[in-house]
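Asks: Take this structure, written in structure tokens, and hold onto it; I'll ask about it next.
The values are calculated or read from the model by the stated rules, or taken from the named source; none is laboratory data. None of the values given here were measured: they were computed from a predicted structure. Note that each Cβ is placed from the backbone with ideal geometry, even for glycine, and that neighbours are counted across all protein chains shown. Note: accessible area is taken over every heavy atom of the protein model, side chains too, but ligands, DNA and RNA are not part of it. Shrake-Rupley method; radii C 1.70, N 1.55, O 1.52, S 1.80 Å.
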Amino acid sequence: MSTDYREERRRDRSAVRAEDREDRRLEREERRRDQALAEERARRERRESQKRRERRKAARRESRSAALARLSREGDTVAALIVMACSIIPAVYYQIAALAAVPKVPVVIAVALAVMLEAGAWVSTVAGERAKAAGRPVGRFRAAMWACAAVAASINYSHAPGPDWFAWVLAASSFGGVAFWELRGAGRHGGWGGRSRAERRADRARAKQARRRKRRFADVWERHLDILAAHPYDSLDAETAWAQAWRDVHGAAVAVTAPVVEQRLAADAELEDVLDAADRTPERAAVELLLDDLFGADRGDDGPSGGTSGSAPSGPSGTGSGGARLKIVEPATPLGRKGKQPSGERAGRTAPKAPAKPLADADLEKVRALADTLGGAAHLSLKTVRQAVGGGANEYLVRLRNAVREERR
């Protein structure tokens with residue numbers, strides 16, 4: 001019994017020691033986990049702190065870069081402000097001294113008057129700068145600015161102590177601030193009124209064109225103004241309105257009038273008359289010019305003009321080396337090259353020409369009606385006559401046209 005008890009006590013102690021060992025192991029593992037978590041938390045905090053420091057450094061670098069960029073962009077402003085301060089201080093001081101020296105003028109009044117002149121000049125300067133940036137007229141602002149500066153300069157010049165050159169220096173001091181600020185604005189916003197030289201040149205050319213149109217085409221100009229006034233503001237381009245006004249007045253495209261069309265028709269008729277007189281059509285003339293360009297003056301078929309083609313050198317009797325007489329080939333004419341026989345004396349024709357075809361009354365009536373439609377026989381051309389009678393020989397059509405012209409003449 002005692003042996004069993006001791007054995008049981010031994011097993012209990014062993015179990016207790018095993019439990020203690022397990023507890024200590026669990027405690028060690030928990031401490032290791034806690035330590036690992038603490039180390040991870042510390043590393044994470046260090047990383048976050050490093051990121052915050054880097055962000056602050058980047059922000060400071062960006063701030064410095066932005067400040068430097070702004071300073072570089074506003075360098076003219078900084079320099080202008082320095083010049084303004086250096087010009088205002090002596091100008092205002094000597095203005096106050098000059099005004100206070102006037103009998104019965106309190107110092108407060110002298111200060112107020114001096115500040116009024118300088119502040120008025122700068123109010124006009126700043127207002128003119130904003131107007132120039134917005135593209136508005138700046139004439140009134142400049143007039144007020146230079147008026148205030150001129151009054152201040154005259155006071156400083158007339159009451160300056162010391163030698164004469166110092167009076168000129170004080171007068172320049174009154175003008176210096178506004179003058180350099182005006183130069184700054186001109187450098188930033190371009191020329192007069194914020195416009196570049198090219199823009200001013202284009203505006204002058206546009207105004208000159210408008211004056212020329214108004215002077216030379218008064219009726220079209222009035223219609224152009226009516227069209228622009230009838231449409232909503234800035235909804236129609238001025239050139240589009242001008243083209244529409246021209247068509248309304250003259251019934252044609254821009255720069256085309258009834259006399260111009262009449263002159264064109266007369267020129268076409270005169271050209272056709274010349275071609276008809278030479279018994280040539282425009283198509284034939286074009287073909288001849290094309291052949292000349294392709295083959296030269298000799299056309300590549302008969303050899304040089306006035307020479308022989310395909311023959312050997314001839315002797316005194318006009319025979320070749322073989323004794324056979326060579327045939328002299330004359331230069332080809334346009335009709336001969338086209339497979340037609342030359343006419344007149346060149347062809348050696350002695351028979352009289354065939355009698356001309358009489359003019360048909362029906363064709364005459366058609367040409368007369370065509371002349372009435374065109375507004376006169378002077379507008380008749382070979383093309384229109386051919387279309388009216390349905391075709392025919394050029395000689396017949398020319399006689400038809402000339403007959404109607406003689407009747408109307």
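Asks: So how much accessible area does R211 have, in Å² to the nearest 10, using a 1.4 Å probe?
Replies: 140
Asks: Between V111 and R408, what length in nm is gained on full extension when 0.36 nm per residue of separation is reduced by their alpha carbon distance?
Replies: Between V111 and R408, full extension yields 97.2 nm more.
Asks: Can you bin segment 105-187 into rounded, prolate or oblate? Criterion: square roots of the alpha carbon gyration tensor eigenvalues sorted a ≥ b ≥ c, rounded for a/c under 1.5, prolate for a/b above b/c, oblate for the rest.
Replies: It is oblate, given that a/c is not under 1.5 and a/b is not larger than b/c.
Asks: On to the next question. Step through the residues of segment 58-73 one at a time and calculate ³J(HN,Hα) from phi using the Karplus curve (6.51 cos²θ - 1.76 cosθ + 1.60, θ = phi - 60°), rounding each to whole Hz and writing x for Gly and Pro.
Replies: Each residue's phi maps through the Karplus curve to give 5, 5, 5, 5, 5, 5, 5, 5, 5, 5, 5, 5, 5, 5, 5, 5 Hz.
Asks: Leaving ligands, DNA and RNA out of it, work out the accessible area of H250 with a 1.4 Å probe and give it in Å² to the nearest 10.
Replies: 60
Asks: Using a basic spin-label model with each label point 7 Å from the Cα along Cα→Cβ, how many nm lie between Q244 and R28?
Replies: Going from the Q244 label point to the R28 one covers 9.9 nm.
Asks: Sorted by accessible area (1.4 Å probe), largest first, how do L228, L265, L364 line up?
Replies: My answer, sorted largest first, is L265, L228, L364.
Asks: Same structure, new question: Order Y157, Y94, Y5, most accessible first, counting only protein heavy atoms with a 1.4 angstrom probe.
Replies: Y5, Y157, Y94
Asks: Direction-averaged shadow area of the convex hull around the Cα atoms of segment 20-165, nm²?
Replies: Directional mean of the projected Cα hull area for segment 20-165 stands at 19.0 nm².
Asks: Please give the contour-minus-distance gain from A205 to Y233: 0.36 nm per residue of separation, less the Cα-Cα distance, rounded to one decimal in nm.
Replies: Extra length available between A205 and Y233 comes to 7.8 nm.
Asks: What figure in square angstrom, to the nearest 10, would you give for the accessible area of R52 with a 1.4 Å probe?
Replies: Roll a 1.4 Å probe over it and R52 shows about 110 Å².
Asks: So, one more: Using each residue's phi in segment 90-102, evaluate 6.51 cos²θ - 1.76 cosθ + 1.60 at θ = phi - 60° and report the 3J(HN,Hα) Karplus result to the nearest Hz, with x for Gly and Pro.
Replies: x, 5, 5, 4, 6, 5, 4, 4, 5, 6, 5, 6, 6
Asks: Placing +1 at every Lys and Arg Cβ and -1 at every Asp and Glu Cβ, with all other atoms neutral, what dipole size does segment 28-92 have around its Cα centre, in debye to the nearest 20?
Replies: 520
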